[in-house]
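Okay, so here's the structure we're looking at.
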Amino acid sequence: MFYRESGQFKSSYAADSAILTIAQDRLFIAALLALAFVVLPGLGSDYLLSGILIPFLILSLAALGLNILTGYAGQLSLGSAAFMAVGAFATYNFMLRMPGMPLLLAIFLGGLMAALVGVAFGLPSLRIKGFYLAVATLAAQFFIEWVFTKFGWFTNYSSSGVISAPPMQVFGIAIDTPASKYLLTLSIVALMALAAKNMARASIGRAWMAIRDMDVAAEVIGIPMLRTKLLAFAISSFYCGVAGALYAFVLLGTVDAQAFDLHRSFQVLFMIIVGGVGSILGSFLGAAFIVLLPICLNLLGQAFHDTISTQFLANLEMMLFGGLIIFFLIVEPHGLARLWQIAKEKLRVWPFPH
Amino acid sequence: MNKTAVAVSLALLTVAGVAQAADQFIPIPSYRVGAYASGGAKFYGGMIDYLNYVNMKEGGVGGVKLTYEECETEYKNDRGVECYERLKAKNGGASAFNFMSTGITYATMDRAEKDKIPLMTMGFGRADAQDGRAFKYVFPLITSYWSQATAKVQFLGQRVGGMQNLKGKKIVNLYHGSAYGKETIPVLDAMAKKYGFELQHVEVPAPGTEQQSQWLEIRRARPDFVLLRSWGVMTPAALKSAQKVGFPRENIVANWWGGSEEDAIAAGDAAKGYIAGSFALDGRQFPVIQNIEKTVYGAGKGNLSDKGFIGTVNYNRGVVSGILMVEAIRAAQKKYGAKTLNGDQIRWGMENLNIDAKRQQELGVTDMFPQVKTSCQNHEGSGYTRFMQWDGKDWKPVSGWIKADTGVTLPLIKASVDKYSQEKSMKLRDCAAEK
């Protein structure tokens, strides 16, 4: 009833190619952005901002990166965490070795370094496909983790190998409160999500999807395989690299190769599978599911800590989490994004579905 | 972004806002699931048991009841940060955090400094944090990795009949291929230079299940001793590989994270004779452990699901962690009065701990851990390590408490602190001015 596009006419090409063609959607997104940018930094507690929203946003960005590569271009990758690590270590080294470099520039260059490494490890994708490619990217995961642990130069010869991030500022504003860190992350993530959305709708996104659906056919109609695949690797790794830099600098405050282990790669992969492969929204939904659900379960569990043994509760949380993943994948194999889409369809004809 | 996320976050907002009556709140960032759960459950079980014991026996500290809340970190950095943020302001503010994880401690260090909440890093990372001038809120109480590394070499010195006899001996440092594993390399290098033994570093790629080639390399090198810097599955794997190549286990000296029952039992027969460091002795012979068993478990309030784990290495470590926490609260109460104290006041308490022989006697912990006396500059407070040998069933002490070689550690700490303060562009505290 409320969610219906009747009466909204498109009278220009610009209106026809807008991202949000329905007024209700525009209103909803505007309200969401207002909430995220204005209300939450003012009202949210430290815990909500830096304990929940910042990790959620950063991992959404990483999921977005992997979604570009796996969801849109169809190249399965298990190396997202490695590319995050490249972004984090490169940003750290840029800031350390070129004093006075602005944080945003360092993060951008960190992303570029990740893109370069991503292209290098993307080269095999021209010859191998599917699960075999996943194994090749797995090599990237192990190799990069090993490099950062092995060679002291990357960690500035810190005796422990774990290095603390230097203080941050952007345009002269110190990034040291939860609210400022949150706003920095949110701005970067919002901008990059917008860019990803537009890439997915543009010719490059269509080329990716063509390759994903059938690469021989795509080549026949004139899509350059080399350029398109490597571009997918580069852009995906760039997103992961920026996410890694933010993860190290904004969330942890340390640059640690072990924070980007294989487990993190799997986590990001699960995010897009649960959220929706080949969907921008799905990256966010998946990250929310994987990051927030265990925390919610733990918070709920603590309410019973007097009556039930905490040992049992901790394991119960894991079981529930696993059960919920299976439940959602059975209910909707295409991910939470598809559920959201179905909900919108239903809402459109509500309350008279026939 | 989506509606669900917003709804969830709003729900969490309200949860986070609920506060309780004024007590002394101790956050318990435990890990009871995941790869390190078996140690974590015992450690935090011991800590919780001691807090409950103090509540039941004395009605809290100075009449202020101790409260706690757990948060599951799964030994992961991001979950640890979430737990830190969740618990830091609860119930009148967190007293101090003990994450039992180097990674999480690093990730919360800047936050803790800003929130003025101390971090206890008893027996683990960032050895240079014992300099309280640079690390005001970090407390590697009892012994740091670097102190332990020098103690290991001194222990070997005792075995060969004096430090001078180490000259010309060959020692292999077999370390976990991670930041943790590499942390003691500079200290061992300095010790090798000082005492003239030959040192060879051999890396085991994480997680350390596969060590065939490393032990073949060791067999070729024919070292007199192997210093094991292991973690998790690496310990039993190392012992089994050593058995395979026929390296005597009594010449392997591990650090304390290779020195719990879990490590030795997993290696079975191969672990017999193997030696590991320790900063808190195991066993039920200590009065404090017996009292906990009587009072807390007698009332059915014990935290462990299996009473059989009382007195294990990790359990006793947890109890020691609880003792140091409570003693810090006691010390702080002496200065600030018996009321709910904030993190900065507890920090003062931790900086003014004095657990001497008399106090240890009162607590019923004589010889369980070394005497601890901290100050503004010395956040370690002891620096003693003791060595234990696995006899196939139990850990048996094979040395007294060995003091760290401060002649080696202090210059390294100073260099590290200088670099840290430069990287962070910060000024060191002036301890003489604070009284």
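Exactly one of (1) within 23 Å of the chain's Cα centre (by Cα); (2) within 14 Å of chain A (Cβ to nearest Cβ) is unmet by B:Met426. Its number?
(1)
Report the residue count in region B:34-47 for those that are in contact with a strand residue (DSSP E or B) (Cβ under 6 Å, 6 or more places away or on another chain) and surrounded by fewer than 24 Cβ atoms within 10 Å (Cβ to Cβ). So that I can check it myself, show each step before the final result.
Within region B:34-47, the first condition is being in contact with a strand residue (DSSP E or B) (Cβ under 6 Å, 6 or more places away or on another chain), and the residues that meet it are B:44.
Restricting the remaining residues to those that are surrounded by fewer than 24 Cβ atoms within 10 Å (Cβ to Cβ) gives none.
The qualifying residues number 0.
Any residue in region B:292-307 that is farther than 25 Å from B:Leu141 by Cβ, part of a helix (DSSP H, G or I), in contact (Cβ under 8 Å) with a residue 12 or more places away in the chain and in contact with a Gly (Cβ under 9 Å, 6 or more places away or on another chain)?
Looking for residues that are farther than 25 Å from B:Leu141 by Cβ, part of a helix (DSSP H, G or I), in contact (Cβ under 8 Å) with a residue 12 or more places away in the chain and in contact with a Gly (Cβ under 9 Å, 6 or more places away or on another chain), one finds none in region B:292-307, hence no.
Checking B:Trp231 against (1) under 26 Å from A:Phe143 (Cα atoms); (2) assigned to a helix (DSSP H, G or I); (3) in contact (Cβ under 8 Å) with a residue 40 or more places away in the chain, only one condition comes out false. Which one?
(2)
I need the full set of residues from region B:145-179 which are part of a loop (DSSP other than H, G, I, E, B) and either more than 11 Å from chain A (Cβ to nearest Cβ) or surrounded by fewer than 23 Cβ atoms within 10 Å (Cβ to Cβ) (or both), in order please. Quick ask: steps written out before the conclusion?
If we filter region B:145-179 for residues that are part of a loop (DSSP other than H, G, I, E, B), which is where we start, we get B:160-162, B:167-169, B:178.
Across region B:145-179, the qualifying residues are B:Val160, B:Gly161, B:Gly162, B:Lys167, B:Gly168, B:Lys169.
Could you list, in sequence order, the residues of region A:37-52 that are at the interface with chain B (Cβ under 8 Å from one of its Cβ atoms) and in contact with a Pro (Cβ under 6 Å, 6 or more places away or on another chain)?
A:Asp46, A:Ser50
So, in region B:95-107, of the ones that are of a type outside the set (S, T, N, Q) and away from every other protein chain (no Cβ under 12 Å), which residue ends up farthest from the chain's Cα centre (by Cα)? Let's see the steps before the verdict.
First pass over region B:95-107, keeping only residues of a type outside the set (S, T, N, Q): B:96-97, B:99-100, B:103-104, B:106-107.
Next cut, away from every other protein chain (no Cβ under 12 Å) only: B:96-97, B:99-100.
Numbers: B:Ala96: 14, B:Phe97: 12, B:Phe99: 9, B:Met100: 6 Å.
Once the filter is applied, the top-ranked residue is B:Ala96.
Confirm whether B:Glu380 is buried (at least 20 other Cβ atoms within 10 Å of the Cβ), within 26 Å of A:Ser158 (Cβ to Cβ) and not assigned by TED's automatic domain parsing to the domain that holds B:Asp23.
Working: buried (at least 20 other Cβ atoms within 10 Å of the Cβ): yes; within 26 Å of A:Ser158 (Cβ to Cβ): yes; not assigned by TED's automatic domain parsing to the domain that holds B:Asp23: yes.
For B:Glu380, the condition - buried (at least 20 other Cβ atoms within 10 Å of the Cβ), within 26 Å of A:Ser158 (Cβ to Cβ) and not assigned by TED's automatic domain parsing to the domain that holds B:Asp23 - is met.
Looking at (1) touching a Ser or Thr at 6+ places or on another chain (Cβ under 8 Å); (2) more than 7 Å from chain B (Cβ to nearest Cβ), can you tell me which one A:Leu297 breaks?
Exception for A:Leu297: condition (1).
Kindly indicate whether A:Ala248 is in contact with a strand residue (DSSP E or B) (Cβ under 6 Å, 6 or more places away or on another chain), of a type in the set (A, V, I, L, M) and assigned to a helix (DSSP H, G or I).
On the way: in contact with a strand residue (DSSP E or B) (Cβ under 6 Å, 6 or more places away or on another chain): yes; of a type in the set (A, V, I, L, M): yes; assigned to a helix (DSSP H, G or I): yes.
In short, yes.
Among the residues of region B:259-313, count how many are under 30 Å from B:Lys152 (Cα atoms) and away from chain A (no Cβ under 14 Å). Explain how you work it out, then say what you get.
From region B:259-313, those under 30 Å from B:Lys152 (Cα atoms) are B:259-289, B:309-313; that's our starting set.
In the following step, the residues that additionally are away from chain A (no Cβ under 14 Å) were identified as B:259-289, B:310-313.
Matching residues across region B:259-313 total 35.
Between A:Gly282, A:Gly335, A:Gly253, A:Gly278, which is in contact with a Gly (Cβ under 7 Å, 6 or more places away or on another chain) and closer than 22 Å to A:Thr185 by Cβ?
The conditions single out A:Gly282.
Could you look through region B:122-138, keep only residues that are touching a Leu at 6+ places or on another chain (Cβ under 7 Å) and away from chain A (no Cβ under 13 Å), and pick out the one that is surrounded by the fewest Cβ atoms within 10 Å (Cβ to Cβ)? If you could, list the steps in order and put the result at the bottom.
Initially, region B:122-138 is screened for residues touching a Leu at 6+ places or on another chain (Cβ under 7 Å), giving B:122, B:133-134, B:137-138.
Within this subset, residues satisfying the condition of being away from chain A (no Cβ under 13 Å) are B:122, B:133, B:137.
Numbers: B:Met122: 22, B:Arg133: 16, B:Tyr137: 26.
Per the criteria, the residue is B:Arg133.
Scan region B:180-194 and report the pairs whose first residue is within 11 Å of another protein chain (Cβ to nearest Cβ) and whose second residue is in a helix (DSSP H, G or I) and basic (Lys, Arg), with Cβ atoms within less than 6 Å and a gap of 6+ or a chain change.
none
In region A:310-333, how many are surrounded by fewer than 16 Cβ atoms within 10 Å (Cβ to Cβ) and outside any helix (DSSP H, G or I)?
Going through region A:310-333 one residue at a time, the tally reaches 1.
Picking from B:Glu217, B:Glu203, which residue would you name as being among the acidic types (Asp, Glu) and farther than 18 Å from A:Tyr157 by Cβ? First the steps, then the outcome.
Values: B:Glu203 fails: farther than 18 Å from A:Tyr157 by Cβ.
Testing whether each residue is among the acidic types (Asp, Glu) and farther than 18 Å from A:Tyr157 by Cβ leaves just B:Glu217.
Hey, among B:Leu412, B:Leu363, B:Leu341, which residue is under 18 Å from B:Phe286 (Cα atoms) and in contact with a helix residue (DSSP H, G or I) (Cβ under 7 Å, 6 or more places away or on another chain)? First the steps, then the outcome.
On the way: B:Leu412 fails: under 18 Å from B:Phe286 (Cα atoms); B:Leu341 fails: under 18 Å from B:Phe286 (Cα atoms).
Sole residue among the options that is under 18 Å from B:Phe286 (Cα atoms) and in contact with a helix residue (DSSP H, G or I) (Cβ under 7 Å, 6 or more places away or on another chain): B:Leu363.
When you look at A:Val189, is it modelled with pLDDT of 85 or more, over 21 Å from A:Gly253 (Cβ atoms) and assigned to a helix (DSSP H, G or I), yes or no?
No; evaluated as a whole, the condition is false for this residue.
Out of (1) under 19 Å from the mean Cα position of the chain (by Cα); (2) under 16 Å from B:Leu324 (Cα atoms), the odd one out for B:Gly62 is which?
With respect to (1) under 19 Å from the mean Cα position of the chain (by Cα); (2) under 16 Å from B:Leu324 (Cα atoms), B:Gly62 is out only on (1).
State all residues of region B:66-88 that are more than 7 Å from chain A (Cβ to nearest Cβ) and without any contact (Cβ under 8 Å) to a residue 60 or more places away in the chain; if no residue qualifies, say none. Lay out the reasoning, then the answer.
Kept after step one, since they are more than 7 Å from chain A (Cβ to nearest Cβ), are these residues of region B:66-88: B:66-68, B:73-76, B:79-80, B:83-84, B:87-88.
Passing the criteria: B:Thr67, B:Tyr68, B:Thr73, B:Glu74, B:Tyr75, B:Lys76, B:Arg79, B:Gly80, B:Cys83, B:Tyr84.
Confirm whether B:Val54 is modelled with pLDDT of 90 or more, more than 27 Å from A:Phe312 (Cβ to Cβ), more than 17 Å from the chain's Cα centre (by Cα) and more than 8 Å from chain A (Cβ to nearest Cβ). Before you say what the answer is, go through the steps one by one.
On the way: modelled with pLDDT of 90 or more: yes; more than 27 Å from A:Phe312 (Cβ to Cβ): no; more than 17 Å from the chain's Cα centre (by Cα): yes; more than 8 Å from chain A (Cβ to nearest Cβ): yes.
No, not satisfied.
Quick one: would you say B:Ala332 is at pLDDT 90 or above, assigned by TED's automatic domain parsing to the domain that holds B:Ala192 and not polar (S, T, N, Q)? Steps first, answer last, please.
Values: at pLDDT 90 or above: yes; assigned by TED's automatic domain parsing to the domain that holds B:Ala192: no; not polar (S, T, N, Q): yes.
So B:Ala332 fails the test.
Considering region A:326-348 alone, what residues qualify as being touching a residue at least 40 places away in the same chain (Cβ under 8 Å) and more than 15 Å from A:Val277 (Cα to Cα)? Please lay out each step first, then the result.
Let us first name the residues in region A:326-348 that are touching a residue at least 40 places away in the same chain (Cβ under 8 Å), namely A:328-329, A:334-338, A:340, A:344, A:347-348.
Those that are touching a residue at least 40 places away in the same chain (Cβ under 8 Å) and more than 15 Å from A:Val277 (Cα to Cα): A:Lys344, A:Leu347, A:Arg348.
Quick check on region A:153-173. Is at least one of its residues in a helix (DSSP H, G or I), modelled with pLDDT of 80 or more, surrounded by 15 or more Cβ atoms within 10 Å (Cβ to Cβ) and in contact with a Pro (Cβ under 6 Å, 6 or more places away or on another chain)?
No, there is no match, as no residue in region A:153-173 is in a helix (DSSP H, G or I), modelled with pLDDT of 80 or more, surrounded by 15 or more Cβ atoms within 10 Å (Cβ to Cβ) and in contact with a Pro (Cβ under 6 Å, 6 or more places away or on another chain).
Cβ-Cβ below 9 Å, separation at least six or inter-chain, first residue in region A:115-144 and closer than 15 Å to A:Ser237 by Cα, second among the acidic types (Asp, Glu): which pairs?
These pairs meet every condition: A:Gln141/A:Asp261.
Looking at B:Gly392 and the list (1) out of contact with any helix residue (DSSP H, G or I) (no Cβ under 6 Å at 6 or more places or on another chain); (2) of a type in the set (Gly, Ala, Ser); (3) surrounded by 15 or more Cβ atoms within 10 Å (Cβ to Cβ); (4) closer than 30 Å to B:Gly268 by Cα, which single condition is not satisfied?
Looking at each condition in turn, B:Gly392 falls short on (3).
State which residue is nearest to B:Gly268 (Cα to Cα) when the search covers only region B:395-423 and only residues that are away from every other protein chain (no Cβ under 14 Å) and polar (S, T, N, Q).
Per the criteria, the residue is B:Ser399.
Could you figure out which of (1) crowded, with 23+ Cβ neighbours inside 10 Å; (2) under 28 Å from B:Arg126 (Cα atoms) isn't true of A:His263?
(1)
Might you let me know whether region B:84-106 holds any residue that is in contact with a Cys (Cβ under 7 Å, 6 or more places away or on another chain) and assigned to a helix (DSSP H, G or I)? Full working, then the answer.
Quick first cut of region B:84-106, residues in contact with a Cys (Cβ under 7 Å, 6 or more places away or on another chain) only: B:86-87.
Narrowing the set further to residues that are assigned to a helix (DSSP H, G or I) leaves B:86-87.
The answer is yes, given that some residue of region B:84-106 is in contact with a Cys (Cβ under 7 Å, 6 or more places away or on another chain) and assigned to a helix (DSSP H, G or I).
The values are calculated or read from the model by the stated rules, or taken from the named source; none is laboratory data. Please read these numbers as outputs of a predicted model, since none were measured by experiment. With ideal geometry, Cβ positions are generated from the backbone for all residues, glycine too; neighbour counts draw on all protein chains shown.
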